[in-house]
Every structure is written in structure tokens, then in C-alpha cells.
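Notes to accompany the following structure.
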Amino acid sequence: FFVKEEMGANNTKGLYLCETIYPPENGVSCIPPEKLEKAIRKGEIPPKTDDDEEDLDGDMDAVIDDCIRQVWQYYDPKGVGFLNKKQTQQFFKDALNLVALRKMCKSKDLFQGRKEGAALDEAFKKINTSNDGRVTFEQFEEFINMCELDEAVQFVTGAGGEVQINTNVQMVDNSNLPSGGGPVKGKIEYRDYSALED
């Protein structure tokens, strides 16, 4: 149920590109297949090809560098050579949404009670090492190469450790169940099949 809610407000291409630089360990995308297919039909993302499999055998550094460039081009669509605060924070949000989909939670849960806006502002200040309000490709690339996805989440949210998700969810009304903690003895009734005999 989280996947549809999270995907409704998100950009499939942004999530797909984040997944190219932070691929899933099991090789299976967490983005719903229908969303990927729709984005492929619209031409937003390329369809999978046999070349995708061959990349795994090639130079991984070159593959990763190419992925980083593709992601950069997406967030810098005019090719100005830097990302402003809004563009950088959109990348952070897409990366967080990717993590939320993988963990089957809401992206706000990743902040563990911290305010999202303040955390994103702080993350922008950290990545913008030149303090000029612009993130260069070099700063962006350094961030990607420096952080695994979980480290990036900690960088952006300021939260450390495992994400705490409330698993105390009541799925049924248990008010009519007997208390006492054990099985309840009942009266066993056998059916009378004697009338069916010849």
C-alpha cells in the first residue's frame, strides 16, 4: 500500500535514475512494473536491452560514471553546469523516495521525527562546499562516489541507524477474542449421518 502512495507524488524517471546509481542488491527494481512500463512507453526511460546485462562484465567505473552523468543531466536539464538548491533537493527527495519504496515505508519515516525542510536545507549546505548556493558536477559526483545509499539517507536526513517503523499495526478487531492467552475449549458436535445409511 505504501508503494502506490509514494509513487503518486513522485517522478518515475527520477526514481529510475536514482536506482541506476544506487542499484538494488537483489537486482529487482522496487519501482512498480506498471510505472516503469508507462515511463518506457512515454519515452521517459529507456527499455531494458541485452547491453544492460553486458555492462556488468565491463568496466564498472565507466558504467557508474555514465550513470552519474545521466542523473546530473536529468537534474540539470538546461545544461547550465550547476544545480540550484531546489534541483539538488529534488535529487535528495527522489533518493529518499527510492529508499522508502525499498523499505516499504513513507519517506517522512526516514527523518525519524526531524523536520524534512530543515534536514534538506542542512544537506544542501553540506554538499554545497563552496557556499555559493550552487552544486557543481564535481561536488555532486563526489557526493555520489562518497556515499552508499544508506549513508546518503543519513547525510540527508541527519538520522542515524536503522529506520524505526511502527510495526504495531492492528489488522483485525480483536475485541471479541477471548482474553487469557490460550486456546478456548468448546463443545464438539458431531454430525449425525445415520439417516443417510441404506
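Set side by side, the residues E37, E138, E44 differ, and just one is over 22 Å from G158 (Cβ atoms), in contact (Cβ under 8 Å) with a residue 24 or more places away in the chain and charged (D, E, K, R), which is E44. The residues of the range 78-135 that are of a type in the set (K, R), free of Cβ contacts under 8 Å to residues at least 40 places away in the same chain and assigned to a loop (DSSP other than H, G, I, E, B), listed by number, are K78, K115. Residues in the range 21-41 that are crowded, with 17+ Cβ neighbours inside 10 Å and of a type in the set (G, A, S): S29, A39.
Could you check the range 1-55 and list, in sequence order, the residues that are in a helix (DSSP H, G or I), of a type in the set (A, V, I, L, M, F, W, C) and at pLDDT 80 or above? Once the filter is applied, which keeps residues that are in a helix (DSSP H, G or I), of a type in the set (A, V, I, L, M, F, W, C) and at pLDDT 80 or above, the range 1-55 yields L15, L17, C18, I21, L36, A39, I40.
The values are calculated or read from the model by the stated rules, or taken from the named source; none is laboratory data. Keep in mind that what you see is a predicted model, and the values were worked out from it rather than measured. Here the Cβ is made from the backbone with ideal geometry for all residues, glycine too, and neighbour counts use every protein chain on show.
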